[in-house]
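Working notes, beginning with the structure itself.
Derivation of every value follows stated rules applied to the coordinates shown; laboratory data play no part. Just so you know, these numbers come straight off a predicted model, no measurement behind them. Here the Cβ positions follow ideal geometry from the backbone for every residue, glycine too, while neighbour counts run over all protein chains shown.
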């Protein structure tokens, strides 16, 4: 059901030379030890390499072959083997709305030769104000709120989409129901911070999710309540910026930085104010600010500095953008109906003066946000 982005070798041509570190080992075998193996009568190391060489679009079908295959395809080891044999593929997933849809839905962008594909519907009621994080090749949709029978209900629910097996699952609920909060992955854990609670109160509480235990744990709180903010990870630390705080007038310029090793927060006063979209690329944070859609604000965490890069739009276009990342390039998807608009693409590694191009990759609806998942 899933389609990969960009041209790829057909499966029939997937002949890969294995690096020395991945040469298969042939352990001694006894009769009957093929029971429970990935591929009967084939050494386990070689079987893992064989499965890892299969193009990503076949993963959902492969997962239905057996529980053993399903478990391996969904594991960290599978991604490690695919990386070793040079078969990792990046796909970009966009949350879209419009086009007479009943609610937002996730779409994976296809290559230029293939159509985009819609993912299975998210479980539960259609929500707003939720968080989105990628962890171990899986997409997590966290909390948010829904208006049910005229009453706003804030959620503590967490759903996970397995991009390899094309299916949703329910994870452990958070300790605190919240909406409009910041969230990000840091060192293999997920952190959520601030937001609004079920009583409409602003929150300073923070919790972390351990995927091994499927458990949320309350950790050290923010120094002040904060909502409408966003988060990202740099150098093993959690950065939270934007949004508002009860102790500032208007939008906050403070950056809250959490160090998981020290279990403590520090503060930097050099943040973006009203950010409508953000993405991390090349160890830098790219932001689109609400007040200025015609430039990229770029944050370098090594020295907490900012720079601005103009977006090459001409005429009277007032396009609002949602940022995405694919193959080391920044994509600017339109959040509005713009006839004839081609997705702008920024390449930070290109020579000066040739960083901007256009791409024909385009969501079938209005893009609310996007994530990139390797597999």
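What to note about this one:
- Length added when fully stretched, residue 212-residue 149, from 0.36 nm per residue minus Cα-Cα: 19.0 nm
- A Förster radius of 45 Å, combined with the Cβ-Cβ distance separating residue 128 from residue 45, puts the computed FRET efficiency at roughly 0.45.
- Length gained when the stretch residue 302-residue 219 is fully extended (0.36 nm per residue, less Cα-Cα span): 27.3 nm
- Calculated diffusion of segment 145-186, Stokes-Einstein form, Kirkwood radius summed over Cα pairs, 20 °C and 1.002 mPa s, µm²/s: 174
- Here the sum of -39500 (n - 2.57) over DSSP H runs of 4 or more residues, divided by the residues of the chain, equals -2000 deg cm²/dmol at 222 nm, to the nearest 500.
- The Cα atoms of segment 201-323 cover 52, 33, 29 Å along the three principal axes, with the biggest extent listed first.
- Inter-part distance where segment 301-375 and segment 142-196 are each reduced to a Cα centre, Å: 26
- Among 262, 330, 53, the largest mean-square fluctuation in a Gaussian network model of the chain (Cα springs under 10 Å) belongs to 262.
- Extension gain from residue 269 to residue 156, taking 0.36 nm per residue of separation minus the Cα-Cα distance: 37.6 nm
- Label-point separation in nm, residue 80 to residue 374, each point 7 Å along Cα→Cβ: 1.4
- Projected label distance in nm at residue 136 and residue 64, using a 7 Å step from Cα toward the beta-carbon: 2.5
- Packing here is the average count of other Cβ atoms within 10 Å per residue, and on that basis the peptides 160-170, 70-80, 299-309, highest first, run 160-170, 70-80, 299-309.
- Rough spin-label spacing in nm, given labels placed 7 Å along Cα→Cβ, for residue 309 and residue 262: 3.1
- With a Förster radius of 22 Å applied to the C-beta separation of residue 291 and residue 201, the computed FRET efficiency comes to 0.20.
- When you restrict to C-alpha pairs under 8 Å that are six or more residues apart and normalise by the size of the chain, the relative contact order lands at 13 percent.
- Using the Cβ-Cβ distance between residue 115 and residue 347 with R0 = 22 Å, the FRET efficiency computed as 1/(1 + (r/R0)^6) comes to roughly 0.30.
- Sorted largest first, the spans of the alpha carbon positions of segment 120-271 along the three principal axes are 42, 39, 22 Å.
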